[in-house]
Amino acid sequence: MAGDQSAGGRVRPPLAIVVAVARNGVIGGDNKLLWKLRSDMLHFRAITMGKPMIMGRRTWDSIGRPLPGRQSIVVTRDTSFQAEGAHVVHNIPSALLLAQDVAERMKSEEIVLAGGGELYAQMLPQCDVLHVTEVDLAPPGDALFPKIEPSQWREISRIAHQPGQGDEAAFSFVDYVRC
Ligand SMILES: NC(=O)c1ccc[n+]([C@@H]2O[C@H](COP(=O)([O-])OP(=O)(O)OC[C@H]3O[C@@H](n4cnc5c(N)ncnc54)[C@H](OP(=O)(O)O)[C@@H]3O)[C@@H](O)[C@H]2O)c1
């Protein structure tokens, strides 16, 4: 799938969101994940491995370290912010341009947007693909994923799973492409 045209006339690789969402749209609370789902951790690892990963500063703080095999691009308005083992940028266009360079260096055919709520809300209109884990829980939380509008997104795959070892809920892996 083609991505967008970016500055310099280069074609940006597709931008893919990876997110786990509860039934009530919650993705986190108090800057933490609200569930333990080992299967989803492995799914996240498989989708993101070898790719540039854009994330908001709060998500970077919640992960607490660079993830091996991936290059994190942290978006913050704080011009003094430093993140050891990650790139830091101060706006979304810069994040996308840098991600494109990093994708070329890593020979990655996709750029990943790894959260959190603020970044998903701002960048969803620019995304091409959604890798959504629907989590069969409805916890209270303060970070949300925007509604996936059926007029804009077409579901292309859905695999339902009962909880496996290390999973505290049932879940489904659902992929969408932009209509
Ligand atoms: N379930 C999932 O799949 C999933 C995935 C990721 C995260 N999460 C959860 O989501 C929560 C974090 O999400 P969040 O919405 O609170 O924060 P976030 O989106 O991770 O980060 C927000 C921060 O990003 C920076 N930022 C946002 N927009 C910007 C812009 N246009 N230009 C420059 N900087 C910008 C700001 O950093 P500064 O304040 O430093 O300026 C802002 O405070 C946590 O609970 C986490 O566990 C869940």
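Taking the mean number of other Cβ atoms within 10 Å as a proxy for protection, how do you rank 80-86, 110-116, 47-53 from highest to lowest?
Values: 80-86: 11.3, 110-116: 25.6, 47-53: 20.7.
Descending packing order for the listed peptides: 110-116, 47-53, 80-86.
Hey, what do the phi angles of segment 105-115 turn into as Karplus ³J(HN,Hα) couplings, whole Hz, using 6.51/-1.76/1.60 and θ = phi - 60°, x for Gly and Pro?
Values per residue, Gly and Pro as x: 5, 7, 6, 9, 9, 8, 10, 9, 9, 9, x Hz.
Considering only the chain, what is the antiparallel percent among its DSSP beta bridges, to the nearest 5? Numbers along the way, then the final one.
Values: 20 of 40 bridges.
Percent antiparallel among DSSP bridges in the chain is about 50.
How big is the dipole moment of segment 100-179 about its Cα centre under a simple scheme where the beta carbon of each Lys and Arg is +1, that of each Asp and Glu is -1, and everything else is neutral? Debye, nearest 20, please. Please list the in-between numbers first.
Details: 6 positive and 14 negative charges, 41 e Å.
Dipole magnitude for segment 100-179 comes out near 200 debye.
How big is segment 32-121 along each principal axis, measuring the range of its Cα positions in Å and listing the largest first?
34, 29, 26
With N denoting the number of residues in segment 1-153, provide Rg(C-alpha) divided by 2.2 N^0.38 Å, to two decimal places.
Working: Rg = 14.8 Å, N = 153, 2.2 N^0.38 = 14.9 Å.
Relative to the rule-of-thumb radius for its length, segment 1-153 sits at 1.00.
Could you pull out every one of the lysines with an alpha carbon less than 30 Å from that of Lys36, ignoring same-chain neighbours closer than 8 positions?
Cα-Cα hits under 30 Å: Lys51, Lys147.
Search the structure for amide H atoms under 5 Å from the amide H of Ala170, placed 1.01 Å from N in the peptide plane, and list their residues when 5 or more places away or on another chain.
Asp136
Mind listing the phi-derived Karplus ³J(HN,Hα) values for segment 47-54, rounded to whole Hz, using 6.51, -1.76 and 1.60 with θ = phi - 60°, and x for any glycine or proline?
6, 8, 4, x, 10, x, 10, 8
Quote the charge dipole size of the chain about the Cα centre in Debye, to the nearest 20; the model charges only the Cβ of Lys and Arg (+1) and of Asp and Glu (-1). Please list the in-between numbers first.
Numbers: 19 positive and 20 negative charges, 53 e Å.
Using only the charged Cβ atoms, the result is roughly 260 debye.
Projecting each Cα onto the charge dipole of segment 7-178 (Lys/Arg +1, Asp/Glu -1 at the beta carbon, about the Cα centre), which of Gly166, Tyr176, Ala103 comes out farthest on the positive side?
Value computed over the given set: Ala103.
Please name whichever of Ile17, Met55, Gly69 sits farthest to the positive end of the charge dipole of the chain, dipole taken about the Cα centre and charges placed at Cβ: Lys and Arg +1, Asp and Glu -1.
Selected residue: Gly69.
Where a number appears in this text, it was derived from the coordinates with a stated rule and is not lab data. Bear in mind the structure is a predicted one, so any value in this text is a computation, not a measurement. Using ideal geometry, Cβ is built from the backbone for each residue, glycine included, and neighbour counts are taken over all protein chains shown.
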